[in-house]
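Here the structure comes first, spelled out in structure tokens, and everything after it is commentary.
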């Protein structure tokens with residue numbers, strides 16, 4: 001997760017209607033997704049609709065964690 005992207009996105013959050021999150025199939029450890037999950041939670045709390053691409057993930061625990069963290 002790029003800190004500059006997060007900073008800019010949060011500064012312009014009122015301009016968002018939704019967002020698309022992908023790349024979770026690349027996750028090796030839960031710690032690797034913590035920054036992205038934190039960002040998605042912030043966006044979700046602001047009412048931003050989030051589409052998360054999870055279709056090709058072999059590790060079901062990653063899927064469960066992502067969905068639980070963004071409160072779907």
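Remarks
- Given [x] 16, 18, 14, 13, 11, 10, 8, 6, 4, 0; [y] 19, 55, 24, 2; [z] 16, 17, 17, 16, 13, 10, 8, 3, 0, the label whose value is P(r) over Cα pairs in 10 Å bins from 0, in percent derived from this model: [y]
- Across the chain, Cα pairs under 8 Å and at least six residues apart give a relative contact order of 40 percent.
- A Förster radius of 35 Å, combined with the Cβ-Cβ distance separating residue 49 from residue 2, puts the computed FRET efficiency at roughly 0.95.
- Whole-angstrom gap from the range 50-72 to the range 1-49, using each part's C-alpha centre: 13 Å
- Extension reserve of the residue 61-residue 20 stretch, reckoned as 0.36 nm per residue once the Cα distance is removed: 12.7 nm
- Cβ crowding within 10 Å averaged over residues, with 38-44, 27-33, 12-18 ranked highest first: 38-44, 27-33, 12-18
- Helical mean residue ellipticity (222 nm; -39500 (n - 2.57) per DSSP H run of 4+; nearest 500) of the chain: -13000 deg cm²/dmol
All of the numbers you see were taken from the coordinates with simple rules; none came from a lab. Bear in mind that the values here come from a model prediction, so they are computed numbers and not experimental data. FYI the Cβ positions are ideal-geometry reconstructions off the backbone, even for glycines, and counts take in every protein chain you see.
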